[in-house]
Structures are given as structure tokens and as C-alpha cells.
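Here's the structure we're looking at; comments come further down.
The values are calculated or read from the model by the stated rules, or taken from the named source; none is laboratory data. In this text the structure is predicted, and so the values were computed from the model without any measurement. All Cβ positions, even for glycine, are placed from backbone atoms using ideal geometry, and neighbour counts span all protein chains on display. To get the accessible areas, we keep the full protein, side chains included, count just its heavy atoms, and leave off ligands, DNA and RNA. Shrake-Rupley method; radii C 1.70, N 1.55, O 1.52, S 1.80 Å.
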Amino acid sequence: MALNKSMHPRNRYKDKPPDFAYLASKYPDFQQHFMNGRVSLNFKEPEAVRALTCTLLKEDFGLAIEIPLERLIPTVPLRLNYIHWVEDLIDGQKQPRRGIDIGTGASCIYPLLGATMNGWYFLATEVDDICFDYATKNVEQNNLSDLVKGAFDLLNVKVTSSLDIILLRWNSHTLSQR
């Protein structure tokens with residue numbers, strides 16, 4: 001796990017990396033990915049990265065998510081950096097903020113973290129039907145439907161209030177499907 005000096009100062013993982021041994025003792029799905037019983041994780045194995053992401057979100061943020069292996073598996077420390085950078089830019093915890101996440105992905109990680117950490121409202125958009133279905137399920141199973149709304153197609157979205165946050169991560173794979 002790449003934890004270094006370029007991480008945001010408030011990132012909980014900057015000076016205290018996750019305790020893999022503790023997490024493995026608490027989360028069987030995570031424990032099964034240790035190599036030869038050692039406290040080491042193969043970051044080239046998508047199943048292991050997914051298990052780590054799901055474990056960190058559950059342990060540190062109380063979020064339960066599902067992510068398909070054939071879609072992007074986000075790393076929590078990096079996504080947390082972005083949330084903290086946005087907080088810095090908009091003085092994020094002073095009032096309710098509204099944002100749109102264009103291309104939210106299956107995890108819906110930015111809206112979930114923003115809603116959980118700061119009470120931010122998000123419209124999460126996605127054009128990939130598999131990602132959209134997973135994102136919707138992830139929002140619903142974390143009881144965040146009041147803060148995070150989903151839209152399948154950005155072209156049909158009508159924003160009725162001002163936005164403080166706009167996140168955009170299109171990729172060529174997604175665009176070629178349109």
C-alpha cells in the first residue's frame with residue numbers, strides 16, 4: 001500500500017497504515033488473501049485489493065459495499081485524499097454541501113465517503129449499467145439514500161440547485177460504450 005508524504009495531512013492512513021494482522025483477525029474475507037499466513041497482501045490480485053477496500057471502508061467508515069472484479073476497485077487512502085482536498089477547497093464541514101459525481105463507478109466511493117464523513121449531498125451519475133446497479137445497492141445498503149441520489153444517464157439529469165462539488169472521471173472504456 002503506497003502510503004507516503006504526498007498524502008493529505010488529515011488522511012488517517014498517512015502516519016498510521018492499516019494494521020493488516022488486526023484486520024485479518026476481524027474480517028475473514030480479508031484474512032483469506034494473506035500469502036502463506038504472513039501479514040502481506042498481493043496488490044496485483046484484484047480479489048485481494050477488493051477485500052482490502054471493503055475491509056477498510058467497513059472498519060474505518062462503517063460502510064459495507066460490493067464491487068465487481070471486472071470494474072475499477074478504488075483504493076481507500078487515495079480516495080480519502082481527494083475528499084480532504086475538496087474539504088480544503090470548499091471549507092467542507094461548515095454547511096451542507098451539494099455535489100455531482102460524474103462516472104461514480106460501482107463503488108460510489110466519493111459520494112459514500114462525502115456523505116458519511118461530512119453529510120454532503122451527492123448526485124451520483126453512471127452510464128455503465130453494471131456500475132450503476134452496484135452503486136445504487138451500495139448507497140441503499142448503507143442507508144444513505146437521503147444524501148446520495150443516483151442517475152443512470154447524465155444527459156437526462158436536471159440539477160435544480162447550485163453545486164459546490166463536481167467530480168469527473170470519464171474513461172475511454174466508458175465513452176466507447178456510449
- Please sort 77-88, 7-18 by packing, taking for each peptide the average over its residues of neighbouring beta carbons within 10 angstrom, highest first. 77-88, 7-18
- Beyond 16 Å, what percent of the Cα pairs of the range 91-142 remain? 36
- Query: Cα to Cα, under 27 Å, and not fewer than 8 places away if on the same chain: which lysines meet these conditions relative to Lys44?
  - Reply: Lys5, Lys14, Lys16, Lys26, Lys58, Lys137
- Karplus-derived HN-Hα couplings along the range 133-142 (A = 6.51, B = -1.76, C = 1.60, θ = phi - 60°), whole Hz, x at Gly and Pro: 4, 5, 4, 4, 5, 5, 5, 5, 6, 9
- Charge context of Lys58, other residues only, Cβ under 13 angstrom, K/R +1, D/E -1: -2
- Item | Where Arg169, Arg71 fall by accessible area, highest first, once all protein chains stay in place (1.4 Å) | Arg169, Arg71
